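What follows is a set of notes on a single structure, which appears directly below.
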Amino acid sequence: ALFCVDAFAGGLVVNSLLALWLFGKYDLSLSVAGSFFFWSGLLGAFSQLAAPKVAEKIGLLNTMVFTHIPANIFLILAALSPNLTAAFVFLLLRALLSQMDVPTRSAYVMSVVTPAERNAAASFTATPRSLAAALGPTLGTAMFAAGFLAAPLVVAGGLKIAYDLALWRSFRNHQIDSQAPGN
């Protein structure tokens, strides 16, 4: 259920809706949008590559939560930014941190189930996430259509922070693979 909240919130700010927000709020050109999404995607990929090193130092759960919270604070700050430069800075900082939860989430799920349960666990967590993510764009576009341009970003950031805090609270004392809590 927690993973579904995260996926639903992510659906509120898929790249197409984020582009719509940037075009609507800042009258962004297509070429600048293309450059922004290139750099954002590159930073997101770097985020996933950096996650194992961070997880080695602070643990899987802590990496999921304590990189995701600042990423979503940056999303909210981007929504409230007074100009395009500030919005870009916050969105690029978000991209740098926002994907560290992806590999660590998978690793964490695999570490709390037996090897025989791993295929089922992967499917059981991925399918509901996909369904929840599909609902987000519908609500996001409804918010845009109602004139609340920043609302999808703020709601997504808030829901994702709530997800992170609930996840950490629920599993912070759970030990995996005979490691200390939070790993």
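The values are calculated or read from the model by the stated rules, or taken from the named source; none is laboratory data. In this text, all values refer to a predicted model and were calculated from it rather than measured experimentally. Glycine also receives a Cβ, built like all others from the backbone with ideal geometry; neighbour counts cover every protein chain displayed. To get the accessible areas, we keep the full protein, side chains included, count just its heavy atoms, and leave off ligands, DNA and RNA. Shrake-Rupley method; radii C 1.70, N 1.55, O 1.52, S 1.80 Å.
Across segment 85-98, coupling constants 3J(HN,Hα) worked out from phi with the 6.51/-1.76/1.60 Karplus curve, θ = phi - 60°, read 4, 5, 4, 4, 4, 5, 5, 6, 5, 4, 4, 5, 10, 5 Hz, and Gly and Pro carry x.
Round to the nearest 10 and give me the degree value, 0 to 90, for the angle of helix 15-26's Cα axis relative to the longest principal axis of the chain. Between helix and principal axis, roughly 40 degrees.
Ignoring ligands, DNA and RNA, how do THR141, THR67, THR85 rank by accessible area with a 1.4 Å probe, largest first?
Descending order: THR85, THR141, THR67.
Protein heavy-atom surface of the chain, 1.4 angstrom probe: 68% of the accessible area is carbon and sulfur, with nucleic acids and ligands not counted. Taking Cα pairs under 8 Å and at least six residues apart, what relative contact order does the chain come out at, in percent? Result for the chain is 40 percent. Estimated from the Cβ-Cβ distance and a Förster radius of 25 angstrom, the FRET efficiency linking LEU49 and LEU84 is about 0.35. Rounded to the nearest 10 degrees, the angle from helix 30-58 to the longest Cα principal axis of the chain is 20 degrees. If you run the Gaussian network model on the chain, springs between alpha carbon atoms under 10 Å, then out of TRP21, TRP168, TRP39 the most flexible one is TRP39.
A value for volume of the Cα convex hull per residue in Å³ was derived from the coordinates, and within the list [x] 105; [y] 121; [z] 133 it appears as [x]. Helix 60-79 and the longest principal axis of the Cα set of the chain meet at an angle near 10°.
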